[in-house]
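These notes are about the structure you will find just below.
Coordinate-derived values only; no laboratory data. Just so it is clear, the model here is predicted, and its values are computed rather than measured. Neighbour counts run over all protein chains shown; Cβ positions are idealised from the backbone, glycine included.
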Amino acid sequence: MDKALADQLDRYIYKLREASRSLKGSRSVGEIKTKHDNAAIAMKSAEDFLVYCALIQFVRRNIGSLSRPSCVALVSVPSHWPLSDVDDAAKIVFNNAKQFKICLHPTSKHRRGWEIDAAELLALDKLIIFVQAGSVVHEDFELAATVRDRLHLCDAGHVRALSKLRGCGVLSDDQVAVIAQQPSERMEAIFRRGQPASRAAERLVDGRNKPTVRPAQQLDLSKGFGEAGVWAKELKRDVQDWRDGNLPWSEVDKGCLLYGPPGTGKTRFAAALAAECGLHLEAASISKWQSFKDGDLGDMLKAMYRAFDAAREDAPSLLFIDEFDSIGDRSKFPSRHETYSTTVVNALLECLDGIGDREGVVVLGACNHPQKIDPALLRSGRLERHVEFPLPDAVARSEILAFHLPSLSEEPALKEIGARLPGKSGADIERLAREARRIARHENRPVTVDDVRARIQVPAPLDAATLHRTAVHEAGHAIVTHALFIGKIERVEIYDNVHSFATLRDANGLTVTEIPPREFVTRWDMMKMITMHLAGAAAEDLVFGHRANWSSGTRESDLFKATILAIKMVTEYGFGNSLYFLPNSVDIESASKLWEDLPLRDEVTEILREQYQRARDMLDGLRPTLLKLADALVKERSLDAVQLERYWPGAAKRTSVLRQ
């Protein structure tokens, strides 16, 4: 078999030389080495032998172009094979020929520019450029290329030949397939001289086929996922139409970004989506890419390219990239990390665009803070769909409970329990179900609704003074909202945690307002919104002489919302003391940034103080109305739009009894 393989390769190269000589006006390709000991190459290096065979195939496919007087070949190398391996094998094939210049393209472009002189290389007659798959290519090489090809490494015949030459035995089709997916550095471990390669291959096959438990695959995507569930249904239909040949891949969404608070089930949703659409799931994250090997730039890029290559090889597939906001924004990178981070973003842009074919690969990103992501990654053709993944509402919470407690799925009490868990994420509810099962397991019986209730942390009942303060706070919001014509108030509620409980948000009270969408906003519109947000705290200050901490402290608080609006007024809309436009100039996730920018801090402080005082002055003039509405809330706990009519300033006096 050794001699037969060597003779076959010799005859093959001989035919290449003869074909090249027959081309009119061509130059000789006689620099390609024709006498070689294939067994010696295989025994010296498994990697060199496989690349050597792939290069011979490349020459055969492109003999016409390589034989012309001038040729620039751009050859893509799979990301899991180092370019240095290709360089060693190319020297064997081309025998250090002066006529053919071999160039290993850098995997990234530094801030100071490319580390190669393209003009000097392109001055040569024949240039072969090996580039790592997925990496950015020098613009001049892109323009000058006369041959574009991909190096087909680990061809089945080459793998079997290597196994035979090294005395590693016969391999099955499945074993060859799994070996072909391995990185180059594993080849020596697989093909140890005189040892059966099938043994290593079987271990790889077993690891690949090892079953994984994915309970998320059983999720009903039509329940509890809101807009994300709607998009999943559309994607499933489009993927099926593509499989049936009724829809080109260009009509299928290329990517989607899921964003929302932690623990809402974005990762679980990805696994369920892949199962629902019949897609292979390739899971990755920015932190995993960064921690690959030594974590330097080359390792980071190699891990990224490998993930995209794996998704392409297993297409149709879903490539899920978690922590997508960790990729960052090129306009905000600190100078000490700018080169590294910018190169990573540029490489990811190239992967999402798809230098190679990305047909059959849907990319799904997940994050908590979408505003931190480079806008170029989110434009059409990349992660073009943006779906919010909010905390589940009362109905969704009961559905999540039913999923994790299937034996109780028909229990009406789950709806009541789900309503009593405002602000809880899917992960929180899963933990609740796990704790309930643990109670039943320790007592050696089936889980019951009482087990679930036993693990719910019931908020403490509000005393009369706290309930009155809450009523004053919500009455302040409602009166200012109505007075400034901001929107239609649907209802105002307070919760005593005895007879009334929060269902939408984890709060002591809530003013629900329907604010109509606006195509544009004025400075006064934004001022009114800030006044509305600060009206609750202003009402407390007016009545009690000080305010409680529930106006601040979280990202859902009144002060947080008012501050964000004030920052946007100054930096994005030119509604401050200057007209400069600096969108996203302040990292909202890092409050210290606001304090570092003293002029901005002063302007934001001025806006907030001015609108806080405006709210306080408005409510001071309407103090009797404020106290009357607060008393009604203490009595009734909830007032709808009709019931509120009698409490607005200027409303006619009525003698009718307030409806329950």
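Before moving on, here are some points about what is shown:
- Share of Cα-Cα pairs in the chain lying beyond 51 Å, as whole percent: 31
- Nearest-ten-degree value, helix 2-22 long axis tilted from longest Cα axis of the chain: 90
- Relative to the Cα centre, the charge distribution of the chain, modelled as +1 at Lys and Arg Cβ and -1 at Asp and Glu Cβ, gives a dipole magnitude of about 1140 debye.
- Relative contact order computed over the chain (Cα-Cα under 8 Å; 6+ residues apart), in percent: 9
- Extreme residue, positive dipole direction of segment 112-177, given options Leu124, Ser135, Val176 (C-beta unit charges): Val176
- This model, with +1 at the C-beta of Lys and Arg and -1 at the C-beta of Asp and Glu, gives segment 394-454 a dipole about its Cα centre of some 180 debye.
- Cα centroid of segment 274-338 to Cα centroid of segment 453-502, whole Å: 45
- Evaluated with a Cβ-only charge set (Lys, Arg +1; Asp, Glu -1), segment 215-388 carries a dipole of roughly 360 debye about its Cα centre, given to the nearest 20.
- Helix 197-209 axis, angle to the chain major axis (alpha carbon atoms, nearest 10°): 20
- Part-to-part distance (alpha-carbon centres) for segment 608-635 and segment 546-574, which is given in Å: 19
- Taking the C-alpha atoms only, the angle from helix 46-61 to the longest principal axis of the chain is near 80 degrees.
- Subtracting the Cα-Cα distance of Phe520 and Leu504 from their residue separation scaled by 0.36 nm leaves 2.9 nm.
- If you sort the three axes of the alpha carbon gyration tensor as a ≥ b ≥ c, you get a/c of 1.5 or more for segment 464-647 and a/b above b/c, which makes it prolate.
- Helix-only mean residue ellipticity at 222 nm for the chain, each DSSP H run of n ≥ 4 adding -39500 (n - 2.57), per residue, nearest 500: -15000 deg cm²/dmol
- Taking a point 7 Å out from the Cα of Asn577 in the direction of its Cβ, the residues of segment 525-562 whose backbone N falls within less than 20 Å of it are 527.
- Above-threshold pairs, the threshold being 31 Å between Cα atoms, out of Lys302/Lys424; Lys236/Lys372; Lys236/Lys288: Lys302/Lys424
- Length gained when the stretch Asn549-Asp174 is fully extended (0.36 nm per residue, less Cα-Cα span): 128.6 nm
- Maximal additional length on extending the Ser638-Ser287 stretch stands at 121.7 nm, based on 0.36 nm per residue less the C-alpha distance.
- If both residues of a DSSP beta bridge must be in the chain, then about 20% of such bridges are antiparallel.
- Unit charges at the beta carbon, dipole of the chain: most positive-side option, Val345, Cys367, Ala427: Val345
- Short-range pairs are left out: with C-alpha atoms under 8 Å and at least six residues apart, the relative contact order of segment 215-388 is 31 percent.
- Highest mean packing first, where packing is the average number of other Cβ atoms within 10 Å per residue, the peptides 100-106, 185-191 line up as 100-106, 185-191.
- With the charge dipole of segment 426-548 set up from +1 on Lys and Arg Cβ and -1 on Asp and Glu Cβ about the Cα centre, the Cα lying farthest toward the positive end among the listed residues His473, Leu504, Met527 is that of Leu504.
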